[in-house]
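Q: Handing you this structure, nothing more for now.
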Amino acid sequence: MATLKEKIGYALGDAASGGITWKIMSIAFPFFFTNVFGLSLGDTAALMLIARMFDVVTDPLMGSLADRTQSKWGTYRPWLIFGSIPFGLIFALLLFTPEFGPVGKRVWAYTLYLMMMAVYTMVNVPYGSLLGVMTEDDNEKNQFSSYRMVGAYAMGFITLLSFPYLQKIVGGTDQHQYAVLGAAFGLLACIMTMACGLMTKERIKPKRAEKFSFKQFADLFKNKPWIYLTTIGICTNFFNGFRYAVASYIFTYCMGGDITISSLIINYTVFMAFGEVTCMIFGGVSPKFTEWIGSKRMAFFWSSVICCVLSIAFFFIPMDPSYIWVMIVLVVLTSVGVGLYSPLLWSMYADVADYATEKFGTSSTGLIFSSGTMSQKLGGAVSGALITILLGLAGATMITDEMGNESINPESVNEAVKTMIWSLFSLFPAGIALVMAFLAYIFPLKK
């Protein structure tokens, strides 16, 4: 029986990767690269798409490698313990803007971004796989998944809410602010990831396929539940990816900048932080919600329907700062659905891993959970790339300052561009949520 300490320790893993590094990468990176670092829209889109092709190879290989790891710390935990330092360090360097020319900046951004994706894989694939070896009890798996999501969303709330205030405290240029905060958050992510590895236990010994074989990869495509769930996972991250990445553009170009109400500064990070605290609360409620609905599959279906309907409703809010509280209310209500389905996704991956072990005879837990990590990065980065491409198609252009840094030309942000931004936060995610609901409804495992 797992202890409370172990559940909290497991939660720290996603507090680091999901609540700090991935949250900042999802919500800030498209804006950071185009408006702070100085890459063009085309370079930013290409960077994220190239990284995805890289992940198609590294994620499943990492899953297969993790499944075969044997050490005194276990199968998956050593990757967290010893991967924590490069994880935090590379994240900090990625938010640093060097004083290079355009070519040097491209090299820096591409190299560090690919390294970050690799080290994120090295830590997060084994982290997700831990769920499959900590307990055999299905209810306890749901509890671990729930703690995981609460940890991720609680830390995400803290990260997003504090970000603009920390920027003011740091002061200086935007580049200086991001560099200092990157170092601080990178250190925190490192500590949390190491603590997760040290505080958790592996109770189940996997049925190993000691020799590497491409048969495991081929077996994935014979695993119907895996195909459905991986597609669902990609969709969930497209849904979140569009919303988080476009939030900065909403405030910069549709709202006319940050909104100050009394002493509260509402910028894009604070705006999304309201949703984070909602996800944290309903991530904790998710196991009870699933019991009430009767199955993970149908609980996921109804959560997706909530996301779809409320995303459509957001589109009809006027683009006016006076409607900020209406916008926040809809973000909060949409996040109810996100909070409910997020723990279910990882618990369902554990079910798929169990199904694969029964069907094919050997454990492929790491390989199966690697597809969850790959779908997370695929959804986040491709949505970020599509945002920059679609803004360009809508009419947004770039300008270059005297230092050679590029950013979106405010004069090119016409009504068509604003409508595209608004749609990317509402109608695009709504369509994706509809697909999620359909796939959950026909998901083969009826647990």
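The values are calculated or read from the model by the stated rules, or taken from the named source; none is laboratory data. Every value quoted in this text rests on a predicted model; they were computed, and no experiment measured them. Backbone-built Cβ (ideal geometry, glycine too); neighbour counts: all protein chains shown. Remember, those area values only see protein heavy atoms, side chains included, never the ligands or the DNA or RNA. Shrake-Rupley method; radii C 1.70, N 1.55, O 1.52, S 1.80 Å.
Q: Dipole magnitude of the stretch 85-166 about its Cα centre, charges +1 at Lys/Arg Cβ and -1 at Asp/Glu Cβ only, in debye to the nearest 20?
A: Details: 4 positive and 5 negative charges, 90 e Å.
Charge dipole of the stretch 85-166: 440 debye, to the nearest 20.
Q: Let me ask something else about it. For the residue pair residue 418 and residue 317, what label-to-label distance in nm results when each label sits 7 Å from Cα along the Cα-to-beta-carbon direction?
A: About 1.6 nm separates the two model spin labels.
Q: Related question: Pull up the cross-link candidates among the lysines for residue 222, meaning alpha carbon to alpha carbon under 21 Å and not fewer than 8 places away within one chain.
A: Partners found: 207, 211, 359, 446, 447.
Q: Computing the accessible area with a 1.4 Å probe over protein heavy atoms, can you report the carbon and sulfur percentage for the chain?
A: Numbers: 11520 of 16780 Å².
It is 69 percent, rounded to a whole number.
Q: For residue 446, put the label point 7 Å out on the Cα→Cβ axis and report which residues of the stretch 272-305 keep their amide N under 12 Å from it.
A: 295
Q: Which residue, 16, 247, 416, has the most motion in a Gaussian network model of the chain that connects Cα atoms within less than 10 Å?
A: Among 16, 247, 416, the largest mean-square fluctuation in the Gaussian network model of the chain belongs to 416.
Q: Where does each of 203, 243 land when they are ordered by accessible area, with a 1.4 Å probe and the largest first? Don't jump to the answer; show the numbers that get you there.
A: Working: 203 100, 243 10 Å².
Descending order: 203, 243.
Q: Quick one, can you get me the convex hull of the C-alpha atoms of the stretch 60-137 expressed as volume per residue in Å³? Show your work: numbers first, answer last.
A: On the way: hull volume 7.5 nm³, N = 78.
It comes to 97 Å³ per residue, whole-number rounded.
Q: Give the dimensionless ratio obtained when the Cα radius of gyration of the chain is divided by 2.2 N^0.38 Å. Intermediate values should be presented prior to the final figure.
A: On the way: Rg = 20.9 Å, N = 447, 2.2 N^0.38 = 22.4 Å.
For the chain, the normalised Cα radius of gyration is 0.94.
Q: Say a site is exposed when it is one of the chymotrypsin sites (Phe, Trp or Tyr not before Pro), sits in a DSSP loop, and has at most 11 other Cβ atoms within 10 Å; what is then the longest site-free stretch of the chain?
A: Working: sites that count: 214, 221, 316.
Between exposed loop sites, the widest span is 1-213.
Q: Where in the chain lies the longest segment free of GluC sites (Glu not before Pro) that are both loop residues by DSSP (not H, G, I, E, B) and have at most 10 other Cβ atoms within 10 Å?
A: Working: sites that count: 99, 210, 402.
The reported range is 211-401.
Q: Between residue 329 and residue 191, what is the label-to-label distance in nm when each label sits 7 Å out along the Cα-to-Cβ direction?
A: It works out to 4.0 nm between the two label points.
Q: Same structure, new question: Residue 253: net charge of surrounding residues, Cβ under 13 Å, Lys/Arg +1, Asp/Glu -1, itself excluded?
A: On the way: positive: 418; negative: 258, 411, 415.
Computed value for this residue: -2.
Q: Same structure, new question: I need the helices of the chain that pass two filters: whole DSSP H segments spanning 24 Å or more by Cα along the axis, and mean Kyte-Doolittle score no lower than -0.5. Write down the numbers at each step before the final one.
A: Details: long enough: 41-67 (39 Å, 0.91); 77-94 (25 Å, 1.59); 102-134 (48 Å, 0.88); 138-170 (46 Å, 0.06); 174-199 (37 Å, 1.13); 224-249 (39 Å, 0.40); 268-293 (35 Å, 0.85); 296-315 (29 Å, 1.56); 324-360 (53 Å, 1.16); 365-394 (43 Å, 1.18).
Helices meeting the criterion: 41-67, 77-94, 102-134, 138-170, 174-199, 224-249, 268-293, 296-315, 324-360, 365-394.
Q: Of 23/205; 7/288; 7/296, which sit over 23 Å apart, Cα to Cα? Spell out each step's value before the answer.
A: Values: 23/205 33 Å; 7/288 17 Å; 7/296 21 Å.
Check vs 23 Å cut-off fails for 23/205.
Q: If you wrap the stretch 9-105's Cα atoms in a convex hull and average its projection over all directions, what's the area in nm²? Write down the numbers at each step before the final one.
A: On the way: hull surface 29.9 nm².
Averaged projected hull area, Cα only: 7.5 nm².
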